[in-house]
Amino acid sequence: MLVNVEDPLVDTIASSPWEQDSVEVYIDRGNTKSAAYSNATQQIRVSTD
């Protein structure tokens, strides 16, 4: 996966990581489309710093 983000105003000071600028990917290996996480799902967040 290649992600190119172009944003002149990058936010890294928010107190919660999910409120900071980042790239977030949710993987559902079982394709279950469940509302809750399981051992077949994974959330990956890459921060700007």
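Which residue pairs have Cβ atoms under 8 Å apart, sit 6 or more places apart or on different chains, and have a first residue in region 1-18 that is among the hydroxyl-bearing types (Ser, Thr, Tyr) and a second that is surrounded by 10 or more Cβ atoms within 10 Å (Cβ to Cβ)?
Pairs that qualify, where the first residue is among the hydroxyl-bearing types (Ser, Thr, Tyr) and the partner is surrounded by 10 or more Cβ atoms within 10 Å (Cβ to Cβ), are 12/20; 12/21; 12/47; 12/48.
I'm trying to understand the selection: among the residues of region 25-43, which are loosely packed, with under 11 Cβ neighbours inside 10 Å and within 11 Å of the chain's Cα centre (by Cα)?
Listed by number, the residues that qualify are 26, 27, 43.
Picking from 7, 11, which residue would you name as being surrounded by 10 or more Cβ atoms within 10 Å (Cβ to Cβ) and either of a type in the set (A, V, I, L, M, F, W, C) or over 12 Å from the mean Cα position of the chain (by Cα) (or both)? So that I can check it myself, show each step before the final result.
Working: 7 fails: surrounded by 10 or more Cβ atoms within 10 Å (Cβ to Cβ).
Just one listed residue meets the conditions, 11.
No value in this document is a laboratory result; all are computed from the given coordinates. Keep in mind that what you see is a predicted model, and the values were worked out from it rather than measured. Don't worry about glycine lacking a Cβ; one is built from the backbone with ideal geometry, like all the others, and counts go over all protein chains shown.
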